[in-house]
1. Among (1) under 28 Å from the mean Cα position of the chain (by Cα); (2) of a type in the set (A, V, I, L, M); (3) at pLDDT 95 or above; (4) part of a loop (DSSP other than H, G, I, E, B), where does residue 406 come up short?
2. Going through 247, 239 one at a time, which residue ends up being under 18 Å from residue 104 (Cα atoms), of a type in the set (Val, Ile, Thr) and touching a Lys or Arg at 6+ places or on another chain (Cβ under 9 Å)?
3. Just a yes or no: is a residue in region 353-365 within 14 Å of the ligand (Cβ to nearest atom) and surrounded by 17 or more Cβ atoms within 10 Å (Cβ to Cβ)?
4. Please determine, by comparing only the residues of region 308-332 that are closer than 14 Å to residue 375 by Cβ and within 9 Å of the ligand (Cβ to nearest atom), which one is surrounded by the fewest Cβ atoms within 10 Å (Cβ to Cβ).
5. Which condition number does residue 476 fail, the rest of (1) within 29 Å of the chain's Cα centre (by Cα); (2) of a type outside the set (Asp, Glu); (3) surrounded by 19 or more Cβ atoms within 10 Å (Cβ to Cβ) being met?
6. Within region 525-544, can one find any residue that is buried (at least 20 other Cβ atoms within 10 Å of the Cβ) and among the charged types (D, E, K, R)?
7. Any chance you could count how many residues in region 51-76 are under 24 Å from residue 268 (Cα atoms), without any contact (Cβ under 8 Å) to a residue 60 or more places away in the chain and surrounded by 23 or more Cβ atoms within 10 Å (Cβ to Cβ)?
8. Can you confirm whether residue 339 is in contact (Cβ under 8 Å) with a residue 40 or more places away in the chain and either away from the ligand (no atom under 11 Å from the Cβ) or over 29 Å from the mean Cα position of the chain (by Cα) (or both)?
Amino acid sequence: MSTTYQVNGGVAVITLNNPPVNGFGHSTRAGVFEGLKQAEADASVQAVVIIGGGKVFCGGADIREFGTPAAFAEPGLHAVIAAIEASSKPVVAAIHGVVMGGGLELALGCHYRVMAPGVQVALPEVNIGLIPGGGGTQRLPRVLPVEMALQMVTSGASVPSDKLAKVPGQQLIAKLIEGDLLAGAQAFALEVAAVRPMPRVRDLPAPTVADAGLFDKARADMAKARRGLVSPQRCIDAIEIATKDDIDTGIQKELEIFKAIMVGPQAKAMQHAFFGERAASKIPDVPDNTPTREVKQVAVIGAGTMGGGITMCFLNAGIPVKLLEMKQEAIDRGVGVIRKNYEAQVAKGKLAQDKYEQRMSLLTTTLSYDDIAQADMVIEAVFENMEVKAQVFTKLDAVMKPGAILASNTSTLDVDKIAEVTKRPQDVVGLHFFSPANVMRLLEVVRSKHTAKDVMATVMQVAKKIKKVAVVSGVCDGFIGNRMFEQYVRQSFQLVEEGATVPQVDKAAEAFGFAMGPFRVGDLAGNDIGFAIRKRRRVEQPDVVYSPVGDAICELGRFGQKVGKGWYDYEAGKRDPIPSAEVQACIDKVRADKGITPRTISDEEIVNRLVLAMVNEGAQILEEGIASKASDIDMVYLTGYGFPLTWGGPMLYADLMGLPKVVELMKGFQALPGADQAFWTPAPLLARLVAEGKTFNGKA
Ligand code: NAD
């Protein structure tokens, strides 16, 4: 049993003991249940205290039990709460560290809650596609103002106990206890031992709302802020129910919503993302106990777009940075951009002035390699050119102290070759940040065939410190993200060649949930980048065929927003895409030249072709071991490419669709007039998984 039971001076103390966060799994629930029975039967016990062992009270359900029968084994959370509410002796939750999800629901079932200062209080279920299912949506709005409860449940964000204790009229926290929590809680329990009737949250009046439009406004806000997600909407429904129904009906309805949402695709997708993020930090052959190198001082080479953003990531994490450039003007420009970025945050009230100054004080600049020699890690972000990178790495090899990690932010070059420029290839690694580097969460960690395991372990740890989701990729053209994205873009060209329009493709992708369709992304990032890659491909891989539409618009100088025209026209100073007659004429000409009669293409076909193009490449990436698991690919897409969370990433999308259906669709695409047979041949791994009745993510 994951609890202990002790009686101290008339108070029974039940201690939750299920590290690391006292997840309220079956054996913890059973322990509390048994403890309550024992306390009830013991005449010397006047009151009960439930407290968490270790650093927290309870982080919520035990996520290790998700999807297993233990999650549903009795006593469930409802039964434990019912036992508390039926107890003839008061039960006090003594809370420190963290009280979340099922842990908070348990506490809300207790007669009193006492808390240490600084406790993180949250119902975060919304973020894994669920609603609280243990009475949280019914009890929280009875102890806090309904607006506040609504905010907590729909955002899943935590609120500190000190702040909650100050909310007028709140009944969540009976007392804040400084110092020894257990001693304070026991003393409190004895103080209230004789109070009758014992206060129960269920007996408090149903919450009332002053603003009748509160819930509809919340629905509209959430539809915008968390587009396409069902769980925030259902959270709002559940809180509204609390204002209308009696508590037992409310709890029943909450449970019905919980059960329905739990089996839906979004809950699967969001839980996949939640677990995928944690799994991404694990590298199969680099165990958790691999020693790491100390990284206390970082150097960045190049103060351009990426170098500046990367520098900010470290300054934000309190790690000093030395920024090296070739010329003072470049330093001044780069530092100016960093300052402007921070000043914008200060102006918006997102960053305190003193924090801004503190961050800038961690930044020093230099024109000399000698000044960076003592850095523990250096990240190169100079021009994307092998000769320039080779010069930089030769210099780094000569000056950097032994054991320093030498990283490159290259997006296309071969990290093995960069490593081989040095005499210490084991210390070289790719750190592929995404633009804007200080904002985007994704970091592709490119592991060369030379990279030492402790370097991998160190950079994964550093990534966490700078709040990135690090995903390991092997060395290949485009790594995981851009290699798959190229297939998506190829397919978007193909679709317009066959008969779709540019706005139709974008709208279909956006309706599916992409932040922006492929053509709008092209206009934002610059169509010249792909143009250059295609020129290289024509030489290196002549069998990779592209529709000529992409080159045709680039030959007209339509490089995107930066020149005021791309796949769309733009009015001066505006970013709204306007369908372009010139682009359509280009597409018509390509069709005429190739003798293509345009056909009507459904939005469904557009989405499936765009996504399955990525899936097939993803399968290849898995087969080659470039990614070690399908969820890593999904994390790249969720955190770096705006793939809709509602589908959990391209590989999970394929799993949810069913791989036999994926293959059937691909075969259908092969049968279309003029189809690229090689492109739509299912990757060997995909075919094999279908034959074996498996999925990318292992579970059928
Ligand atoms: P950029 O042109 O904005 O900046 C490059 C900077 O490096 C310039 O300030 C230049 O003065 C400096 N530089 C050039 N050679 C140098 C040298 N020998 N020593 C010191 N400084 C030198 O380029 P960027 O967009 O920041 O790209 C930098 C790297 O990041 C490239 O490898 C690029 O492929 C990669 N990258 C770019 C993006 C992006 O979206 N821009 C995304 C991911 C990765």
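1. (4)
2. Result: 247 is the single residue among 247, 239 that is under 18 Å from residue 104 (Cα atoms), of a type in the set (Val, Ile, Thr) and touching a Lys or Arg at 6+ places or on another chain (Cβ under 9 Å).
3. Checking region 353-365: at least one residue is within 14 Å of the ligand (Cβ to nearest atom) and surrounded by 17 or more Cβ atoms within 10 Å (Cβ to Cβ).
4. Only one residue fits best here, namely 324.
5. Only one criterion is unmet by residue 476, namely (3).
6. No, that holds for no residue.
7. 4
8. For residue 339, the condition - in contact (Cβ under 8 Å) with a residue 40 or more places away in the chain and either away from the ligand (no atom under 11 Å from the Cβ) or over 29 Å from the mean Cα position of the chain (by Cα) (or both) - is not met.
The values are calculated or read from the model by the stated rules, or taken from the named source; none is laboratory data. What you see is a predicted model, and the numbers here were worked out from it, not measured in a lab. Here the Cβ is made from the backbone with ideal geometry for all residues, glycine too, and neighbour counts use every protein chain on show.
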